[in-house]
Ligand SMILES: [Zn+2]
């Protein structure tokens, strides 16, 4: 009875687990920070699933030793498609990665397109950089200039609009 209670307590502490790397998460979490996979209930003993679809296949390739440590940015890509291609290359070497919209581009106009940062766990960063170099992709090659904040972008757009309206107003005066 004592043993059973202990295991129940542990499950209450971390009722969710990642099917990719087996990491435990609190009930408030939805996705694995490392793999980006949706978390499953029941702890690691239930987490190892047979590859049934692409997502499970992806999870199966991930090497657990590349899932430790904080997320580190290893590359900058121009769009989602490029990012996913890169993620595929990294995954072939067992390195899970996530794509994140680059700073300053997280406004609605840029949700579908726009540049992405590719992040991997610290323990996988060295391997990730090797993969990038082997494929002729210089890691961290192109940083955009100082990222414009969404607020500043909006201010710029409004400024341009105001200028346009002023020009129209002046023209209307001249024509009259
Ligand atoms: Zn994971």
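At pLDDT below 80, touching a helix residue (DSSP H, G or I) at 6+ places or on another chain (Cβ under 9 Å) and not in a strand (DSSP E or B): is that true of residue 104 in this structure?
yes
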Is it the case that residue 113 is surrounded by 10 or more Cβ atoms within 10 Å (Cβ to Cβ) and either at pLDDT below 80 or not in a helix (DSSP H, G or I) (or both)?
-> yes
Any chance residue 47 is over 14 Å from residue 98 (Cβ atoms) and modelled with pLDDT of 70 or more | no
Subset of the stretch 77-87 [part of a helix (DSSP H, G or I) and either over 15 Å from residue 133 (Cα atoms) or touching a residue at least 12 places away in the same chain (Cβ under 8 Å) (or both)] | 80, 81, 82, 83, 84, 86, 87
Pairs, first free of Cβ contacts under 8 Å to residues at least 12 places away in the same chain in the stretch 17-31, second within 9 Å of the ligand (Cβ to nearest atom) and part of a loop (DSSP other than H, G, I, E, B), C-beta under 9 Å, six or more apart = 30/39; 31/18; 31/37; 31/39
Out of (1) modelled with pLDDT under 85; (2) more than 12 Å from the ligand (Cβ to nearest atom); (3) within 28 Å of residue 125 (Cβ to Cβ), the one residue 19 does not meet is (2)
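The values are calculated or read from the model by the stated rules, or taken from the named source; none is laboratory data. If you're wondering where the values come from, they're calculated on a predicted model, not measured in any experiment. All Cβ positions, even for glycine, are placed from backbone atoms using ideal geometry, and neighbour counts span all protein chains on display.
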